[in-house]
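Note sheet for the following structure.
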Amino acid sequence: MKLSVISEFLAANGFPNEIEGDSGVTIRAANTLEDAGEGDISFLANPKYTDLLCKTRASVVIVKPDVDMPNGKTTIRCADPYAAITATMIRLHGHREHPRWDRDEHAIIAPTATIGSDANIGPFVTIGENVRVGSNATIYPGCFVAENVNIGDDVTLFPNVVIYDGSRLGDRVTIHAGSVIGEDGLGYAPVDDKWLKIPQVGRVVIEDDVEIGACCAFNRATLGETLIGAGTKFSDSVVVGHGTKIGEHCMIVAQVGIAGSTRIGHHVTLAGQAGISGHLTIGDRARVGAQSGVMNDLEPGADYLGFPATESARFRRQLSLVRKLPEMKQHLVDLESEVQRLREQLENHVDARP
């Protein structure tokens with residue numbers, strides 16, 4: 001694809017840009033600055049990789065308007081290189097194309113299930129009684145969909161996904177391999193020094209345009225719903241406890257654990273391995289750093305780090321003090337020695353008076 005065509009595509013999709021250099025160069029693929037070769041287009045969004053501009057073999061680089069380019073390399077200047085390269089990748093590569101099974105003869109589909117038009121159901125899929133599968137859904141081999149599940153249009157379930165009974169999936173939901181939706185939550189009552197299981201009679205509801213990574217587990221509510229808001233994205237190995245409600249367009253990174261009955265606002269970011277205690281409220285647009293432990297409610301719009309999680313500026317001050325502890329300890333030892341020396345001098349002076 002000619003660079004001029006890519007430039008026109010970006011402009012038509014809300015990314016005004018300007019080419020510097022050869023607009024006729026042919027682009028075959030997108031790649032990183034480090035790995036790109038001739039015919040590749042790359043980008044610079046994070047200033048920490050600026051040094052790679054001198055080393056990259058990419059034919060074209062997308063940069064911000066104020067970036068100095070070495071060696072006269074052909075560039076596209078755009079206000080948001082990250083968004084522009086994303087749009088370019090879609091134009092060049094498109095999204096993954098699924099195998100086509102229609103309704104494989106080895107799939108087991110209950111007679112009361114309703115399957116939408118153009119559904120694509122792989123071998124060894126099991127679909128239970130009273131399930132509704134929307135149009136253009138793709139269900140990969142080995143998936144299990146229990147009774148009374150409702151699956152919307154354009155949904156994709158990758159291999160070995162399990163959807164427990166009563167769960168609801170909106171349109172354009174994607175769930176990657178090995179994830180489980182609607183399993184029982186950790187609900188037990190202490191009775192006579194034993195744990196009595198509480199029936200988990202709620203369900204999981206996943207709204208439109210949610211994507212869930214591999215090997216995640218979303219617990220059904222004890223009563224009511226575990227709710228995932230529209231547009232929210234999950235990485236791999238995320239656990240969502242029963243009765244939790246997560247708002248729209250959140251970003252939940254790998255190995256996050258969210259305990260039950262937590263309320264998470266919209267556009268919240270939880271970085272990798274963050275742990276969220278139960279029965280808490282996290283405000284809209286809050287951002288929680290990696291490996292942070294959230295033990296109290298969090299205010300909207302703020303950044304949090306550490307354990308227990310605190311506002312990032314305060315945490316950094318605390319961390320700075322912790323790093324100085326060895327020097328502070330030595331200084332305290334020196335002060336104690338000096339005080340002891342002065343005390344002994346004073347005692348000797350008093351004893352020496354007539």
**Item:** Ile109 hydrophobic (A, V, I, L, M, F, W, C), closer than 30 Å to Thr156 by Cα and at pLDDT 90 or above
**Value:** yes
**Fill in**
Within region 123-163, the residues that are of a type in the set (S, T, N, Q), assigned to a loop (DSSP other than H, G, I, E, B) and closer than 20 Å to Asp209 by Cα are Ser135, Asn136
**Message:** Test of understanding: among Ala107, Ala84, which residue is of a type in the set (A, V, I, L, M) and closer than 30 Å to Ile41 by Cβ?
**Reply:** Ala84
**Complete:** Checked Val191, Val162 against criteria (free of Cβ contacts under 8 Å to residues at least 12 places away in the same chain and among the β-branched types (Val, Ile, Thr)); the one match is Val191
**Request:** Determine whether Ile62 is touching a Pro at 6+ places or on another chain (Cβ under 6 Å), closer than 26 Å to His95 by Cα and buried (at least 16 other Cβ atoms within 10 Å of the Cβ).
**Result:** yes
**Asked** Just a yes or no: is a residue in region 7-15 surrounded by 15 or more Cβ atoms within 10 Å (Cβ to Cβ), assigned to a helix (DSSP H, G or I), in contact with a Cys (Cβ under 8 Å, 6 or more places away or on another chain) and of a type outside the set (Lys, Arg)?
**Response** yes
**Prompt:** Applying the selection to region 38-53, what residues are closer than 20 Å to Ile27 by Cα and exposed (fewer than 14 other Cβ atoms within 10 Å of the Cβ)?
**Reply:** Glu38
**Message:** Name the residue that is nearest to Ala11 (Cα to Cα), counting only residues in region 58-88 that are in contact with a Leu (Cβ under 9 Å, 6 or more places away or on another chain), of a type outside the set (Gly, Ala, Ser) and assigned to a loop (DSSP other than H, G, I, E, B).
**Reply:** Lys64
**Message:** On the basis of being of a type in the set (A, V, I, L, M), outside the structural domain of Ile19 (by TED's automatic domain parsing) and either over 30 Å from Asn148 (Cα atoms) or surrounded by 18 or more Cβ atoms within 10 Å (Cβ to Cβ) (or both), does Val67 make the cut?
**Reply:** no
**Test: Thr32 is under 30 Å from Ile163 (Cβ atoms), outside the structural domain of Ile151 (by TED's automatic domain parsing) and within 25 Å of the chain's Cα centre (by Cα)** = no
**Item:** Condition check for His93: surrounded by fewer than 16 Cβ atoms within 10 Å (Cβ to Cβ) and either touching a strand residue (DSSP E or B) at 6+ places or on another chain (Cβ under 8 Å) or within 30 Å of Ala45 (Cβ to Cβ) (or both)
**Value:** yes
**Message:** I'd like to know if region 302-315 contains one or more residues that are of a type in the set (Lys, Arg), farther than 30 Å from Ile246 by Cα and assigned to a helix (DSSP H, G or I).
**Reply:** no
**Item:** Unique match (being in contact with a Pro (Cβ under 7 Å, 6 or more places away or on another chain) and of a type outside the set (Phe, Trp, Tyr)) among Gly94, Gly122, Gly128
**Value:** Gly122
**Complete:** Selection from region 282-302 of residues surrounded by fewer than 15 Cβ atoms within 10 Å (Cβ to Cβ) and of a type in the set (D, E, K, R) yields Asp297, Glu299
**Prompt:** Does region 250-280 hold any residues that are more than 11 Å from the chain's Cα centre (by Cα), part of a strand (DSSP E or B) and either of a type outside the set (Gly, Ala, Ser) or surrounded by fewer than 18 Cβ atoms within 10 Å (Cβ to Cβ) (or both), and which are they?
**Reply:** Gly257, Ile258, Arg263, Ile264, Ile276
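The values are calculated or read from the model by the stated rules, or taken from the named source; none is laboratory data. All values reported here derive from a predicted model rather than from experimental measurement. Note that we place each Cβ from the backbone using ideal geometry, even for glycine, and neighbour counts take in every protein chain shown.
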